[in-house]
Amino acid sequence: MQNKLPAVFKKLYAAFGPQHWWPAESDFEVMLGAILTQNTSWSNVEQAISNLKKHNLLDPHKLYALPQQKLALLIRSAGYYNLKAARLKCFLGFFLNDCLADIPGMRAKGAGVLRKQLLAVKGIGPETADSILLYALKKPVFVVDAYTKRILGRHGLVSPQAEYHQVQDFFMRHLKKNVKLFNEFHALLVKLGKDYCRKQNPKCEVCPLWSIKRA
């Protein structure tokens with residue numbers, strides 16, 4: 001089925017249409033969202049970001065200067081708020097001190113270099129790093145999440161024990177490296193995972209990929 005990935009994309013796009021992901025007003029907002037969305041729903045992240053905007057704090061310098069306890073309270077809706085406040089502080093230190101808050105300058109670096117730097121920041125794992133690379137820095141890096149692994153596993157494309165880099169490599173080897181394609185494909189897989197390929201009670205017989213699975 002690896003050669004059918006373009007067909008998978010077309011079926012999902014026909015079923016769901018463009019997902020307009022990542023929803024944000026700036027690339028910096030995308031970066032914050034990538035950290036806040038760890039282990040929570042996007043609706044909770046939206047509340048947290050809205051709260052930061054309400055207090056005119058969606059600025060790296062203001063957030064970095066903000067006491068961590070106050071930041072934690074402002075992002076409470078995102079869950080694990082004390083932990084995420086600490087992670088945001090670590091990222092902000094990296095963003096301001098190492099990158100000089102220069103997003104165009106970050107984009108000028110290679111994806112491999114950026115990924116290594118992001119993974120060195122406490123609290124940033126592969127999925128968060130790749131979300132920042134793809135959605136904020138426009139690097140052709142495929143993002144893997146639980147939905148992606150579940151969908152591929154149920155289609156027998158990867159082992160249930162496959163590690164993150166193995167699932168990512170599957171996409172990177174069989175698709176043209178294109179930011180727009182990776183962006184839309186990942187968003188469509190998330191949509192499929194939420195609405196059809198659910199962890200419990202999956203809706204297989206009405207899934208847009210049912211015909212491909214049976215082919």
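Observations
- Two-decimal ratio, the stretch 54-115, of alpha-carbon radius of gyration to 2.2 N^0.38 Å: 1.24
- Percent RCO, i.e. relative contact order, over the stretch 113-215, from Cα pairs under 8 Å lying at least 6 residues apart: 25
- Fewest-first sequence of Glu184, Glu163, Glu205, Glu29 by Cβ atoms within 10 Å of each Cβ: Glu205, Glu163, Glu29, Glu184
- Taken over the chain, the ratio of Cα radius of gyration to 2.2 N^0.38 Å equals 1.06.
- Model label points for Lys10 and Gln117, set 7 angstrom from Cα along the Cα-to-Cβ axis, are 4.0 nm apart.
- Cα gyration tensor category, rounded, prolate or oblate, for the stretch 27-136 with a/c compared to 1.5: prolate
- For the peptides 31-37, 92-98, residues were scored by their other Cβ atoms within 10 Å and the scores averaged per peptide; the highest-first order is 31-37, 92-98.
- Near Ala101, the amide H atoms lying under 5 Å from its own belong to Leu96; only residues 5 or more places off or on other chains count, and H is placed 1.01 Å from N.
- Over the chain, Cα pairs under 8 Å with separation of 6+ residues give a relative contact order of 25 percent.
FYI, it's all coordinate maths here, none of it is from the lab. Keep in mind that this is a model prediction, so the values were computed, not measured. So basically every Cβ, Gly included, is an ideal-geometry build from the backbone, and we count neighbours across all protein chains shown.
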